[in-house]
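Right, one structure below, let's go through it.
Every read-out reported here was derived from the displayed coordinates using simple, explicitly stated rules and does not represent laboratory data. Fair warning: this is a prediction, and the values are worked out from it, not measured in the lab. Cβ: placed from backbone, ideal geometry, glycine included. Neighbour counts: every protein chain shown.
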Amino acid sequence: MRIIIAIVVCLLASSLSASGVFDVIESFAERAAEASVSSEVEVVELFHAETPEELEAALTDGYPMPWLAEILNDESIPEEDRYWLDCRMRAVIAQDLHLFFDEEGNPVYVEADWIRYGESYWQEHFIVNPIGEQPRGEINLVTGLWGETGFVYNRYGEQTGELALCEEWMYLSRDGTIGLLIHRGSERVTEYGPAYLYFVYDNGTYHKNPNELWIYDYTLSQSGNRALLVQRAQNEPDPIQMFDRNGNVLWEQQAVATAVSASLSISSNDGLCCVPSNDRDPITHYLQVFNATSGYEVESYQEQGVASTFTPNGEFLCIGAGLCASSSDLINTHLVQMPDRNLSATYLSCNNNADRCAAMVHPSGRFTPEEAKLAVWSEEDGFILKQSFEQGEFILLSPNGVFVLVMPANPHRWVSPTPCNIWLIRGER
């Protein structure tokens, strides 16, 4: 197995398991004078919407918009990337406008208090919270739980399932058949009591893990077959547990330090999982990599920064700046240097081959929003795109790195998915 480290490090894990597009876009040079672009690479802005109103105005000609229709029919672009762009564009519209489009392009309006994606990268299925609120202090008579029920919808606006619990901070599998959330209260415990890990299924049933939780982090794999939970412990290592989709414990491990919230990850092929932790100081951070099936610890890294992400195909793990990498029989490391060695990377995204990376970059050892930039780079081309960073934004690459998406991080019922920017990168790889 092979890893590529770059201010981003990439771990190869495959052995473990209106009219034409250029008539409706402005050149990137006109929109972002700060961009640094290789002469071999062209970057163009395909779409920009600052507000839900601008997004709605862009749909005057229906869906797909003329520029998007041309892109989706451009066979010079990998099909996987075109599919991803279609999914992500539909997701922005669904969440902001509660509007879907069926396979023939007909609008489908869905009445809901809020709509949120279920799985974060492809966003093919959605959590839909119906109109009306569950009164606080009153149990749900349908489920016997202290929470609202909801629905699962696909990207065409078709209802595909029902959920016994429906909350913003829950995960769905990519196919929308299973969800995972931490929910406070249960059938015999008030909503102000301890929290429990719930597995909810698209047929309206659920499984509750009986263990009480107080401080925790959790995530669900794209397949829904792996669920990772880390709890905060007192005066002992934080326990790590991996579950199957039925809620059975597959294995247990321990974090080397205090686990870092909201940073757990499982590869898309269910091969590996990562648990970052730190010693509660700004310098010492760790990243443990486990076999997601057996719990065997494949590797452990000590680094500056805990940013990490798997590539869309699950074959590489990209890790933030300052990694002190080691080698083993399973993982070999190779450095792919960021063009500016004085910068560190956060909120990483890499393409399938891990040869094109995107991140929020900032001076190593410190972070201020004023100094941060959103950037895309490769070892061959250097910085392809670099622009100012707005608080709350994140940057994401399509599977093969053809499209760049910039939008708010983790949009939920209080946060719109706009502003939304989409760029196209053309040129020799």
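If every alpha-carbon in region 76-177 counts as one equal scatterer, what log10 I(q)/I(0) does Debye give at q = 0.20 1/Å?
For the requested q values the scattering log ratios are -0.97.
If you take the beta carbon distance between residue 109 and residue 61 as r and set R0 to 22 Å, what does 1/(1 + (r/R0)^6) give as a FRET efficiency, to the nearest 0.05?
Efficiency at R0 = 22 Å is approximately 0.80.
Give a residue-ordered list of calculated ³J(HN,Hα) values for region 70-81 (Karplus: 6.51 cos²θ - 1.76 cosθ + 1.60, θ = phi - 60°; whole Hz; x for Gly, Pro).
For region 70-81, the Karplus-derived couplings read 5, 4, 5, 9, 7, 6, 6, 9, x, 4, 4, 6 Hz, x marking Gly and Pro.
So if R0 is 25 Å, what FRET efficiency would residue 73 and residue 42 give, r being the distance between their Cβ atoms, rounded to the nearest 0.05?
The value I calculate is 0.80.
Over every pair of different alpha-carbon atoms in region 62-135, take the mean of 1/r and invert it; report that Kirkwood radius in Å.
After inverting the pairwise mean of 1/r, the radius is 13.4 Å.
Would you kindly work out the equivalent ellipsoid of region 104-143 from its C-alpha gyration tensor and give its semi-axes, the square roots of five times the eigenvalues, largest first in whole Å?
Largest first, region 104-143 gives 26, 15, 8 Å.
Kindly state, as a whole number, the per residue volume in cubic angstrom of the convex hull around the alpha carbon atoms of region 356-425.
Output value, Cα hull per residue: 98 Å³.
Could you compute the FRET efficiency for residue 133 and residue 215, with r as their C-beta to C-beta distance and R0 at 25 Å, rounded to 0.05?
Between residue 133 and residue 215 the formula returns 0.35.
Considering Cα pairs under 8 angstrom that are at least six residues apart, work out the relative contact order of region 143-265 and quote it in whole percent.
Over region 143-265, the number comes to 17 percent.
Normalised by the number of residues in region 61-146, what is the relative contact order in percent for Cα pairs under 8 Å and 6+ residues apart?
Relative contact order here is 18 percent.
I need the GluC sites (Glu not before Pro) found in region 93-197, filtered to DSSP loop residues with at most 14 other beta carbons within 10 Å of theirs.
Passing both the DSSP loop test and the Cβ count: 103, 104, 111, 133, 138, 158, 187.
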